[in-house]
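Read the figures in this text as sums done on the coordinates, not as results from a lab. Everything quoted here is computed from the prediction, not taken from an experiment. When we count neighbours, we look across all protein chains shown, and the Cβ atoms used for this are built from the backbone with ideal geometry, even at glycine.
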Amino acid sequence: MFIHNFKYSLKVLLKNKQLVFWTLAFPIIMAVLFNMAFSDIENNEKFDAVHIAVVDDEDFRNNKMFSETLKSLSDGEDKVFEINYVDEEKAKKMLEDSEIKGYLKIVGSEPEITINSNGVEETIFCHVIDEIKSDSSIVQDLGMKYVMQKIRSGEYQMDFNQAFTEIADEMMDSDVSVKDNSPDNISFVMIEYYSLIAMACMYSGLLSMTLMNYRLANISAVGKRSAVSPAKKGGMIMGSLAASFLVQIIGLVMLYLIMIFYVKVDFGNNMPMIILLSFVGSLAGLSLGVAVSVLIKAGENAKLTALIGVVMAGCFFAGMMGIMMKNIIDKNAPIVNYINPVAMITDGFYTLYYYNGLDRFYIDVISLLIFSAVMILISLRGLRRQRYDSI
Amino acid sequence: MYDKVIEVKGLTKEYKELKAVDDLSFDVYEKEILGLLGPNGSGKSTTINSILSLLKYSSGTINIFGKEMKPDAYDIKRDIGVIFQEVAVFQELTVYDNIDYFCGLYISDKNRRKQYVEDAIELVSIGNYKKFYPKQLSGGLLRRLNIACGIAHKPKLIFLDEPTVAVDPQSRNNILEGIRKLRDNGATILYTTHYMEEVEQLCDRIIIIDKGKIIASGTSDSLKKLAKIEEKITVEIHRLSEEFLEKAKKLEHATDAFYDGKMLIVSYNGGKNNIANMIDFLRQNNLSYLKVYSERPSLNDVFLELTGKELRD
């Protein structure tokens, strides 16, 4: 029964032109369009330093981590920033006059970023400041650790030059240290490609939802016919999900082949991790499609609208339409992104891109697996309650 | 083996204030075609869906093949075939694949299934369309495919819920012929429709339902005897004054007469020479007419008398 359902589910999915377009063709078309749109930016424009201002006050001057790092990032040919060290009034005026993309003010030890819009340069500015902040806390932690170790061993006379050397060495080995964010390494185009893969993963929900609708008697006539047959619902659903997953994997493989060999995206050493994240992300998409199909008591079109709405809202909060949104949500309503599968996928990709360590990446993978399990369990519970199909 | 294939006792289905099916009791016997006749919204489909456990009913009992019918009664479902009012096929699969898929939900042996699928295709005469997709078929062919998908596994009990809705006369005849063949092959059939001609042609017994209640049951002939009239004479006549209409009402054995601007219809409760008397009446009054014909009362007349409304209202 499983193989019978699997075989015909596969045929149904591959013969459905709309589904084939949105799940297989659309991500590929987008990848090619991104390539056409962004290749000139990356190749020709090289990298224009982002014009920013820094509020040059006591707090900033005392924060060596920020002052020294920003100084180094605004030096040389490959500089990331063109920095204006001004007072706050002047920084505001410059931002109003669009002379700068944003300004940084250090309050206590915390950085405060002010930007006016949500473009690529603003995104780079926010990311770099986030990274410095991240490094800063690592240094503080390591410094504290160093001091405590020395005190415990009775060494009250500390050689701070040696301390910095040791901390620097430990940072190099640290699992959570940030990557080199020099201009050569900063590629917002990569972020767009990762977002595209995340979107493709979530579109797998369309596949599972389409097949689930064929299994539910209160949604389709085919569902009614299946419901009066002796075939058990569970077996039919498993066959359908397996077929959906296979089609999704075929779609992702095609997308990766196009990205690697035609668009020439360099995924570097991250490929196995990217594939793992794509698989788990696809599973989350599939389970979301099942849940929408089972739990929303409405017609086929209403379910489709609900699924696309949920995915799009997830994309928006995860920062696909502007990375700042992810930062805003992370700071003000972190719970939203803890339950948002799109945020889990994009965060996994950003983690691969920005961090050397894999701890946070694995947390994202596990979160996606938990999300998938919860969706499937809720759906199974919903299906069990529907002993009668209530057509 | 089974005398009563379906036993329905006191079936009631309520939707808040509305009783869609109200204390319905009836039996369906082995190898018979039972017609469930009623206007749209009378409760026919609700009854079928309740019997098939697609709907949770409010009260009553339903036994099929001597066992209680439940959503998980897979052994009973194995011998049931259902043809729904809506065409229930995959648009993405060919005619052959659709039949094979649904047959495969009942029959796992590939070789046996292949033969069954071919038999179903032959039964509904769609052999030339095996590789066609549903959207390439006409309405009539689509209905035939719908039937093939429901009966390919050779069920012992078949539910046909208005299978000829919106079908051209040629396809309708083909479908009705196929249903007869199924009965001849040993299947028991529960057939719902609001087309009285179909039940008259096809069904061994008929149950007429309205507002969820059985209002009459029996064979076609026994039901027709419930009508107070015995004969209806229709005259196609272009002009008829009120005076002549009143005269027609007073013809021997006539119980009623009405004229709709084109047809004069006179009802009789007896008499042997009513049509000859009508022609004499027309000649004597110098009325020119095109056609005169006599009919026995139809099930629609029975329904009209019992409920005061037409079957197809």
As straight-line cross-link partners of residue A:15, the qualifying aspartates and glutamates (C-alpha separation under 15 Å, not fewer than 8 residues apart within one chain) are B:92, B:97
Two-site FRET efficiency, residue A:269 against residue A:48, from Cβ-Cβ distance with R₀ of 30 Å, rounded to 0.05
0.55
Under a crude label model (7 Å from the Cα following the beta-carbon direction), how far is residue B:250 from residue B:67 in nanometres?
7.0
Just counting partner chain Cβ atoms within 10 Å, what average do the residues of peptide A:227-236 show around their Cβ?
6
Cross-link reach from residue B:224 to lysines, straight Cα distance under 22 Å and at least 8 residues apart if same chain, gives B:44, B:211, B:213, B:232, B:272, B:309
Explain nothing, just the number: relative contact order of the range B:231-296, from Cα pairs under 8 Å at least 6 residues apart, as a whole percent.
46
Given points 7 Å out from each Cα along the Cα-Cβ axis, report the residue A:96 to residue A:25 separation in nanometres with one decimal.
5.2
Averaged across the residues of A:219-225, what count of C-beta atoms belonging to other chains lies within 10 Å of each residue's C-beta?
6
FRET efficiency (residue B:295, residue A:3; Cβ distance; R0 51 Å; to 0.05) is 0.35
Set Lys and Arg Cβ to +1 and Asp and Glu Cβ to -1, take the dipole of the range B:1-125 about its Cα centre, and tell me which of B:89, B:65, B:18 lies farthest positive.
B:18
Taking Cα pairs under 8 Å and at least six residues apart, what relative contact order does chain B come out at, in percent?
20
May I ask you to derive the relative contact order of the range A:1-131, considering only C-alpha pairs under 8 Å and at least 6 residues apart, and to give it as an integer percent?
22
Among the lysines, which fall within straight-line cross-link reach of residue B:181, defined as a Cα-Cα distance under 22 Å, with same-chain neighbours fewer than 8 residues apart omitted?
B:4, B:31, B:77, B:114, B:130, B:154, B:156
Between residue A:102 and residues 5 or more places away or on another chain, which pairs have amide H atoms under 5 Å apart, with H built 1.01 Å from N, and which residues are they?
A:53
Magnitude of the Cβ-charge dipole (Lys and Arg +1, Asp and Glu -1) of the range B:66-129 about the Cα centre, nearest 20 debye, reported as 200
What's the lysine pair count for the range A:51-112 at a Cα cut-off below 16 Å, pairs eight or more apart or interchain?
10
What is the packing order of peptides B:177-185, A:337-345, A:109-117, A:2-10, taking the mean over residues of other C-beta atoms within 10 Å and listing the highest first?
A:337-345, A:2-10, B:177-185, A:109-117
As a percent rounded to 5, the proportion of antiparallel DSSP bridges among beta bridges in the protein assembly as shown is 60
Show me B:56-62, B:288-294 ranked by packing, highest mean number of other Cβ atoms within 10 Å first.
B:56-62, B:288-294
Calculate for the protein assembly as shown the 222 nm mean residue ellipticity that helices alone would give, adding -39,500 (n - 2.57) per DSSP H run of length 4 or more and normalising by residue count, nearest 500 deg cm²/dmol.
-16500 deg cm²/dmol
Along the Cα→Cβ direction, 7 angstrom out, place labels at residue A:75 and residue A:116. What is the inter-label distance in nm?
3.1
